[in-house]
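Got a structure here, written out as structure tokens. Questions coming.
The values are calculated or read from the model by the stated rules, or taken from the named source; none is laboratory data. Here the structure is a predicted model, which is why all the values come from computation and not from measurement. All Cβ positions, glycine included, derive from the backbone under ideal geometry; neighbour counts span all protein chains shown.
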Amino acid sequence: MAQAFIALGANLGEPEKALLEAVKRIGKEDGISLKKCSSFYKTEPIDSSGPDYVNAVLEVQTSLTPEDLLKKLLEIEQEFGRERPVGIHNAPRTMDLDLLLYEGETRSGAFLTLPHPRMHERAFVLVPLCEIAPEVQIPGKGLARSFLPSIQGQGIQRIEQEKENF
């Protein structure tokens, strides 16, 4: 079983409800075991438009390969109505699931890049990631929390919520 971290985000419809449902849905997949889910965070769009996002990070253990895990995440996005309008980069979305880290692997390809290339620049990834895994390393970059000072000023606010057990 490999350790992996998944970023979740949405800003259309009912984002908090969608993220809760996505966590449950991911946990139902064969070969994926949920370990930890961060708090939910309200974040301002970066390189995007539309209303504020709700974001979180999920830690899983998986027997799936990184490619198979990403394929499952893309299928789940589709189930939640994710649309990718042609010519619009970072359009508002009902669900966004990104594979951030997979067992310390690094790779760069047309389908999958690990670690996620901009994760160390985004408060909506770093803050929830460091909440659940304060010692996690970003391969080729270093300790994830060492990047927290560089993302100061990006609008992010923890959402008070009842945590569901999985």
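Looking only at segment 113-124, how many residues end up being among the hydrophobic types (A, V, I, L, M, F, W, C), under 12 Å from the mean Cα position of the chain (by Cα) and over 11 Å from ARG145 (Cα atoms)?
2
A follow-up question, please. Restricting to segment 85-103, count the residues that are modelled with pLDDT of 85 or more and either out of contact with any strand residue (DSSP E or B) (no Cβ under 8 Å at 6 or more places or on another chain) or part of a strand (DSSP E or B) (or both).
The qualifying residues number 7.
Restricted to segment 1-47, and to residues that are within 14 Å of the chain's Cα centre (by Cα) and among the β-branched types (Val, Ile, Thr), which residue is nearest to GLU67 (Cα to Cα)?
Within segment 1-47, the match that is nearest to GLU67 (Cα to Cα) is ILE6.
So SER146 ticks every box in (1) in contact (Cβ under 8 Å) with a residue 24 or more places away in the chain; (2) out of contact with any helix residue (DSSP H, G or I) (no Cβ under 6 Å at 6 or more places or on another chain) but one. Which box is left unticked?
Condition (1) is where SER146 drops out.
Name, by its number, the condition in (1) within 19 Å of GLN3 (Cβ to Cβ); (2) modelled with pLDDT under 95; (3) among the aliphatic types (A, V, I, L, M) that does not hold for LEU114.
(2)
Quickly run through segment 117-166 and pick out the residues that are modelled with pLDDT under 95, touching a Leu at 6+ places or on another chain (Cβ under 7 Å) and in a loop (DSSP other than H, G, I, E, B).
Passing the criteria: GLU164, PHE166.
Does segment 70-84 include one or more residues that are closer than 23 Å to ALA2 by Cβ, outside any helix (DSSP H, G or I) and within 14 Å of the chain's Cα centre (by Cα)?
No: segment 70-84 contains no residue that is closer than 23 Å to ALA2 by Cβ, outside any helix (DSSP H, G or I) and within 14 Å of the chain's Cα centre (by Cα).
Can I ask one more? In segment 1-44, which strands (runs of 3 or more DSSP E) lie fully inside it and hold 2 or more residues that are in contact with a Ser or Thr (Cβ under 8 Å, 6 or more places away or on another chain) and among the aliphatic types (A, V, I, L, M)?
Filter on segment 1-44 gives 2-10.
Please go through segment 49-61 and give me each residue that is modelled with pLDDT of 95 or more and either among the charged types (D, E, K, R) or out of contact with any Phe, Trp or Tyr (no Cβ under 8 Å at 6 or more places or on another chain) (or both), ordered by number.
GLU59, GLN61
Can you name every residue in segment 3-57 that is surrounded by fewer than 16 Cβ atoms within 10 Å (Cβ to Cβ) and among the small types (Gly, Ala, Ser)?
GLY13, GLY27, GLY31, SER33, SER49, GLY50
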